[in-house]
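The values are calculated or read from the model by the stated rules, or taken from the named source; none is laboratory data. Given the structure is predicted, the values throughout are model-derived calculations rather than measurements. Please note: Cβ atoms are built from the backbone with ideal geometry, for glycine as well, and neighbour counts cover all protein chains shown.
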């Protein structure tokens, strides 16, 4: 079911969303100062292509240690991101989610837009992992 959802998602907007995030990532990398946001945009873009079966988690949970993105510098980066881009991206994803929720068949796609809205609010210090890896590490009932 996950594969079918990813294929439908990719064809009906996932490819456009992912490429859009990657374009923003490229622009951020070119600016040099935007490299942390560029890395986050690239991660979100990759997630946007095929979101079913994946989860967004903090990098320090995956790595077992803190890095610059999960430190106070990451918080500052997320605040700047939220002010200048995050809130607007989240509003766009929530609007898309609400449009998908109008139809019963679109509910899973609306849920994915909510995931994208949440990660677009504060992407620094986050990474994407396979859901089965989280289930193996923490059990099905302890997903965060």
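The residue list 79, 62 contains one member that is at pLDDT 90 or above, under 18 Å from the mean Cα position of the chain (by Cα) and assigned to a helix (DSSP H, G or I), which is 79.
Exactly one residue out of 52, 12 is outside any helix (DSSP H, G or I) and either within 20 Å of residue 97 (Cα to Cα) or without any contact (Cβ under 8 Å) to a residue 40 or more places away in the chain (or both), and it is 52.
Let me confirm something: among 53, 38, 18, which residue is closer than 18 Å to residue 118 by Cα and under 12 Å from the mean Cα position of the chain (by Cα)? Can you show your working first?
Numbers: 53 fails: under 12 Å from the mean Cα position of the chain (by Cα); 38 fails: under 12 Å from the mean Cα position of the chain (by Cα).
Result: 18 is the single residue among 53, 38, 18 that is closer than 18 Å to residue 118 by Cα and under 12 Å from the mean Cα position of the chain (by Cα).
Quick one: which of 60, 78 is crowded, with 19+ Cβ neighbours inside 10 Å and either under 20 Å from residue 18 (Cβ atoms) or in contact (Cβ under 8 Å) with a residue 12 or more places away in the chain (or both)? Walk me through it before giving the result.
Numbers: 60 fails: crowded, with 19+ Cβ neighbours inside 10 Å.
Result of the check over 60, 78: 78.
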